[in-house]
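Novice: One structure follows; several queries about it will come next.
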Amino acid sequence: MKTEQFTREELNNMDKEQLVEQILDSQEKLIESQAKIDILTGELNHTKAMLFGRRSEKVSTESENEQIMFEFNEAERYASEPEAEEVKEITIDGHTRRIKVKGKKDIDLSKLPKRVEPPCTISDEKLKNLFPEGWKELPDEIHKHVEYEPAKYIYVEQAVKVYASKRGDRIVKADHPADLLPVSIATPSLVAGIMNAKYVNAVPLYRLEQEFERNEIPISRQTMSSWLMKCTERYLSLLYDRLIIYLRTGEVIHADETPVLVTKDGRKAGTKSYMWVYRSSTFDEKAVVIYEYQKTRKKDHPKEFLKDFEGTIVTDGYQSYHGLAKESEGRIKVAGCWIHTLRKYKDAIKSMDKSGLNTAAGTLAAKAIDMIQTMMHKDNQMDGLSPEERYEQRKEKIVPLVDEYFDWVKENRPKVTRQSKTGKAFTYSVEQEQYLREFLTDGNIPIENNAAERAIRPFTIGRKNWVMCDTIHGAEDSAIIYSITETAKANDLKPYEYLKHLLTEIPKHMDDTDMDFLEDLLPWSDKLPAECRKQYTKS
């Protein structure tokens, strides 16, 4: 902004009206400049918070120093705290106390294989010296521990008898289990272990190769890659297709997407591809998570994936979903995510200076956070209700809060600079109002899209370790394995045991003329062996 400058002589020669005009003009330009400075300062503070702050969405707007709190799991942070699983809070005469839960350890450890060691005793001779007057035995003192055994690798050799007629015109082999992969040492347990390490625990193949080498097992990352791709395409892809069918029959689907680099996809280096994720509603008993790799972020991809779907997509404010809903002529609706709205205001607080008047408490952003968190807290209390009951409760308790929020936003929007973080948050709310209100029309629709974000998080964490995919083929296979492991976790299955079971059972049915056997292998099937299911889950 260029400011006109005057000499003292020119100002002395101006009449009163000219001076007033110049002062007012200067004030207006000063206000504009200060607004731009505030915006740039906010952007700088927000960038510093993202680069150097702890990663969390927990924001304090009421503490003495108005600190923005970011949670980061560090061992020393919790070292001095009691084990959470062994204590509970009780209230006595208005005071809250934490007490140890009796029998909790027994319940937890009862799911493990048990080994009883010989009792620790004192010889009779020593007891006579200790108790000349005689002694009696009291109840034993029981000590309970958990031992850890590193992974064991066993070389298995099995002979298959071969018979021939004495005339030499016929040879017969004894029946034997089909090999997972012909002429390979791969077994369901070995391949499942590699899949679990890479796709559940985010361990890159080169680290697995090093671990195998340390255990004197020569399995290269190239060999592991080959096993993963072949087992995925031959066996796991069958279950993947069946899970997609189940997902599309639901009434609500969560959707999200995240970038991924694929080095050999026919485009210039560094071009972004995308991993899309679709998840059944958190209100559905049968949870399904589907990953799908695509080269772009165009709406053509969800359009194709959801071509047979009729219901509501819960997502962020990405316009492709809105365009898809408009083109579907009422077949698909879009529900917005209140968590995304909340983050806009938390970003505003992160951009604020921690001194002077620019503290979090008392700001419009802090007020918005309180309003949204209140409505979300009340909605979360309805999780155990039926869709019909949730709809009626929302009409009574949530609709007034939503109405109050949007009235408040529209009233206060003119008070802030549109380009500020708070101004952008207000604009986002106004533009997304139609979609943010959608959850009020149906008790089956969640208030936020956290389910999709939780489902895609293992991929984003793993991406920090392996950075990129090599080929489109590999990215598509990874999408299938992630889909099955995340679906297993969402249904309280043990991913490794489930993968091992799938790789044991599916190869038995390669000559079947139909795929009905897959029904018994779905994550919610009562035909799954007990070892696939978690017997104890955290509440």
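Novice: Work out, step by step, the length gained on full extension between Lys268 and Leu385: first 0.36 nm times the residue separation, then minus their alpha carbon distance; give nm to one decimal.
Specialist: Stretched fully, the Lys268-Leu385 segment lengthens by 37.0 nm.
Novice: Grab the other residues whose beta carbon is less than 12 angstrom from that of Asp316, score K and R as +1, D and E as -1, and report the net. Please report the intermediate quantities before stating the final value.
Specialist: On the way: positive: Arg343, Lys344; negative: Asp256, Glu257, Glu448, Glu453.
Residues near Asp316 contribute -2 overall.
Novice: Please give the Cα centre distance for segment 362-411 versus segment 330-346, rounded to the nearest Å.
Specialist: About 13 Å separates the Cα centre of segment 362-411 from the one of segment 330-346.
Novice: Can you work out the FRET efficiency for the pair Lys128 and Glu216, with r the C-beta to C-beta distance and R0 = 51 Å, to the nearest 0.05? Before the final figure, lay out the partial values.
Specialist: Numbers: r = 53 Å, r/R0 = 1.04.
Using R0 = 51 Å, I get an efficiency of 0.45.
Novice: What do you get for GluC sites (Glu not before Pro) in segment 442-488 restricted to DSSP loop and a cutoff of at most 10 other Cβ within 10 Å of the site's Cβ?
Specialist: On the way: sites: Glu448, Glu453, Glu476, Glu486; in loops: Glu448.
Here no GluC sites (Glu not before Pro) fit, given the DSSP loop and packing criteria.
Novice: Work from the charge dipole of segment 216-360 (Cβ charges, +1 for Lys and Arg, -1 for Asp and Glu, about the Cα centre) and give the residue of Tyr240, Thr271, Met229 farthest towards its positive end.
Specialist: It is Thr271, whose Cα lies furthest towards the positive end.
Novice: Lys and Arg at +1, Asp and Glu at -1: add these up for the other residues within a Cβ distance under 14 Å of Phe406 and post the number. Walk me through the numbers before you get to the answer.
Specialist: Working: positive: Lys367, Lys410, Arg413, Arg437; negative: Asp403, Glu404, Asp407, Glu411, Glu431, Glu433, Glu438.
So the surrounding residues net to -3.
Novice: To check my understanding: the extent here is largest minus smallest coordinate of the Cα atoms along each principal axis. What are those three numbers for segment 145-252, in Å, largest first?
Specialist: That works out to 65, 45, 36 Å along the principal axes.
Novice: On to the next question. Which entries in the list Lys166/Lys508; Lys268/Lys299; Lys230/Lys298 go over 26 Å, if you measure between the two C-alpha atoms of each?
Specialist: Values: Lys166/Lys508 32 Å; Lys268/Lys299 22 Å; Lys230/Lys298 30 Å.
The pairs that break the limit, which is 26 Å between Cα atoms, are Lys166/Lys508; Lys230/Lys298.
Novice: Hand me the chymotrypsin sites (Phe, Trp or Tyr not before Pro) from segment 476-539 located in a DSSP loop with no more than 16 other Cβ atoms within 10 Å, in residue order please.
Specialist: Details: sites: Tyr482, Tyr496, Tyr498, Phe517, Trp524, Tyr536; in loops: Trp524, Tyr536.
Answer in residue order: Trp524, Tyr536.
Novice: By average Cβ neighbour count within 10 Å, what is the ranking of 198-209, 286-297 from highest down?
Specialist: Numbers: 198-209: 17.6, 286-297: 21.2.
Sorting 198-209, 286-297 by mean packing, highest first, produces 286-297, 198-209.
Novice: Under a point spin-label approximation (7 Å from Cα along Cα-to-Cβ), what is the Ser165-Glu304 distance to one decimal in nm?
Specialist: Here the modelled spin labels are 5.5 nm apart.
Novice: Okay, moving on. Could you please report the charge total around Arg390, scoring K, R as +1 and D, E as -1 over all other residues with beta-carbon less than 13 angstrom from its beta-carbon? Don't skip to the answer; put the middle values down first.
Specialist: On the way: positive: Lys378, Arg394, Lys395, Lys397; negative: Asp379, Asp383, Glu388, Glu389, Glu392, Glu396, Asp442.
Charge balance in the 13 Å sphere: -3.
Novice: Given Lys111/Lys494; Lys295/Lys346; Lys152/Lys464; Lys378/Lys534; Lys350/Lys421; Lys344/Lys415, which pairs have Cα atoms separated by over 20 Å?
Specialist: Among Lys111/Lys494; Lys295/Lys346; Lys152/Lys464; Lys378/Lys534; Lys350/Lys421; Lys344/Lys415, the Cα-Cα distance tops 20 Å for Lys295/Lys346; Lys152/Lys464; Lys378/Lys534.
Read-outs: derived from the displayed coordinates by stated rules, not from any lab. All values derive from a computational prediction rather than experimental measurement. Cβ sites come from the backbone with ideal geometry, for glycine too, and all protein chains shown count toward neighbours.
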